[in-house]
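Presented below is the structure to which this report refers.
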Amino acid sequence: MDAPRRIQLHADDNVAIVVNAGGLPAGTEFEDGLVLTERVPQGHKVALEDIAAGAPVIRYGEMIGAADRDLPRGSWIDEFKIRVPAPPALDALPLATRVPQPLPPLEGFSFDGYRNADGTVGTRNVLGISTSVQCVAGTVDVVVRLIRERLLPKYPNVDDVVGLNHLYGCGVAINAPAAVIPIRSLQNLALNPNFGGEIMVIGLGCEKLLPERLLPQGVNGDGSVLRMQDERFQGFEAMIEEILVMADNRLAQLNTRKRQTCPASDLVVGTQCGGSDSFSGVTANPAVGFCSDLLVRAGATVMFSEVTEVRDAVHLLTPRCATPDVARALIREMDWYDRYLQSGGADRAANPSPGNKTGGLANVVEKAMGSIAKSGTTAIVDVLAPGERVRRRGLIFAATPASDFVCGTMQVASGITLQVFTTGRGTPYGLSMVPVIKMATRKELSARWHDLIDIDAGRIASGEKTVEEVGWELFQLILDTASGRVRPWSDRWGLYNALAVFNPAPVT
């Protein structure tokens, strides 16, 4: 049997996690004399000292909860033995008090991308078909299939066609204050740089969300919008044929685009975690954080999100904000989400999934401490409300729910052109409009899911690689993927999640 191994992240921690695959049995003794009083599963916490009932349980150098009972040295600490603490009070947070100094610039790195007229750069060349209402989703599915069969072979420079189907558009309180979020998100989804500015919208004709509202400002709806209820159509086939003509015209334009060498500063990279475990904050997320620093040093934009997985660590982030105004914007988004959850009779403690807990995460506080590692160490230069477009380079917090598919959709709306997704439990997650690089937190997952995982951060826990080495590997993989030289596994299999636009507004 392998020698017993554990990871203690901070000198002040009174718990560590077990590294060994399959966990360790009761009676296991570590080199320093620590003896397990009971079996501890892989990734779960063991008490490094006697912890009295009510005393803090500390991981990442932060209190993740209070002991629910006396926890003897060597005992297993799971979610049932820790009480969740109150979240940090938002009215007493430090504002831009420890702004990190800029790291040395990283020069000479580039990728082959598609430059757009508005200055943005795509990593793919995709025809996007936007929809104003869910009623037309089936039509768009038919059209996408026919475009792939009949039209795409004529346009070798176009990567794919994607229908931006969703569940919004009608049967909703279209003028409710919170309706700005889904409407803004749908408008900005169509503006993602990977779509090259060739906008077409399919509507029904009786929906509340008028198709023209999804067109960029200044774009004429003539030739860009089709309504299925238009009385000039005699039959469904006539509608389909006109949509194919619209698509053919846009494909011809997209086909003129060619990849060209672009500086790494033109990248907009989203980071996300899903199916997280206790290794997420030890291996994959810190490696992503190191890579985030590299990208920022190269002048690129990096986006992290997931409000409920930031809320309990917000006191560590507001001091890092570039200005007090940015810090106040971060607090604004935390406060908005607190009130949103409260209105639904929930709070952020509902976040961890059963799989998260099986993977060793006791509560949302512990999850948040590992989640924010993806943000690296640079200053937070901007905060986006849900669905807002990115407006500057550097490290950005984009407010989204933590749900994988909702967060992914909202980051695409905010303008990411590539995403890095970390997982400890495993997920087939993918996005059809932007490439997704999946990173495993454990070697065991990478081995089992060898044809779904793109990069193995578990080598950090085994001691084969450092956080910095895996971070550099990820950085190079991002450049290669953005250039089309490498296809992530989700693209090779065609594994894609449906779009899920965040809608906190009433449904009528």
Looking only at the range 1-32, and only at residues there that are assigned to a loop (DSSP other than H, G, I, E, B), touching a strand residue (DSSP E or B) at 6+ places or on another chain (Cβ under 7 Å) and among the small types (Gly, Ala, Ser), the one that is farthest from Arg59 (Cα to Cα): Gly27
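Okay, residues lined up against (1) in contact with a helix residue (DSSP H, G or I) (Cβ under 6 Å, 6 or more places away or on another chain); (2) buried (at least 16 other Cβ atoms within 10 Å of the Cβ); (3) more than 30 Å from Pro216 (Cα to Cα); (4) polar (S, T, N, Q):
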{"position": "Leu48", "(1), (2), (3), (4)": "no, yes, yes, no"}
{"position": "Ala55", "(1), (2), (3), (4)": "no, no, yes, no"}
{"position": "Ile129", "(1), (2), (3), (4)": "yes, yes, no, no"}
{"position": "Val136", "(1), (2), (3), (4)": "no, yes, no, no"}
Residue list for the range 388-411, filter: surrounded by fewer than 24 Cβ atoms within 10 Å (Cβ to Cβ) and touching a residue at least 24 places away in the same chain (Cβ under 8 Å): Glu388, Arg389, Val390, Arg392, Arg393, Gly394, Pro401, Ser403, Asp404, Phe405, Val406
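Could you say which residue among Thr427, Thr422, Thr466 is surrounded by fewer than 24 Cβ atoms within 10 Å (Cβ to Cβ), in the same structural domain as Ala300 (by TED's automatic domain parsing), among the hydroxyl-bearing types (Ser, Thr, Tyr) and under 14 Å from the mean Cα position of the chain (by Cα)?
Thr427
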Filter result (buried (at least 16 other Cβ atoms within 10 Å of the Cβ) and assigned to a loop (DSSP other than H, G, I, E, B)) within the range 307-346: Val310, Ala322
Yes/no for Gly359 being surrounded by fewer than 18 Cβ atoms within 10 Å (Cβ to Cβ), in contact (Cβ under 8 Å) with a residue 60 or more places away in the chain and in contact with a Lys or Arg (Cβ under 6 Å, 6 or more places away or on another chain): no
Criterion: in a loop (DSSP other than H, G, I, E, B) and touching a strand residue (DSSP E or B) at 6+ places or on another chain (Cβ under 7 Å) - qualifying residue of Thr427, Thr400, Thr422, Thr378: Thr378
Criterion: within 30 Å of Thr427 (Cα to Cα) and in contact with an Asp or Glu (Cβ under 6 Å, 6 or more places away or on another chain) - qualifying residue of Gly274, Gly270: Gly274
Condition check for Pro193: touching a Phe, Trp or Tyr at 6+ places or on another chain (Cβ under 9 Å), in the same structural domain as Val133 (by TED's automatic domain parsing) and under 26 Å from Pro401 (Cβ atoms): yes
Where Val507 falls short, out of the listed (1) β-branched (Val, Ile, Thr); (2) at pLDDT 95 or above; (3) more than 21 Å from Gly196 (Cα to Cα): (2)
Residue match in the range 125-140 (condition: assigned to a loop (DSSP other than H, G, I, E, B), touching a Pro at 6+ places or on another chain (Cβ under 9 Å) and assigned by TED's automatic domain parsing to the domain that holds Pro211): yes
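Just to be sure I understand, how many residues within the range 76-87 are touching a Lys or Arg at 6+ places or on another chain (Cβ under 8 Å) and part of a loop (DSSP other than H, G, I, E, B)?
2
The values are calculated or read from the model by the stated rules, or taken from the named source; none is laboratory data. On a predicted model such as this, the values are computed, not experimentally measured, just so you know. With ideal geometry, Cβ positions are generated from the backbone for all residues, glycine too; neighbour counts draw on all protein chains shown.
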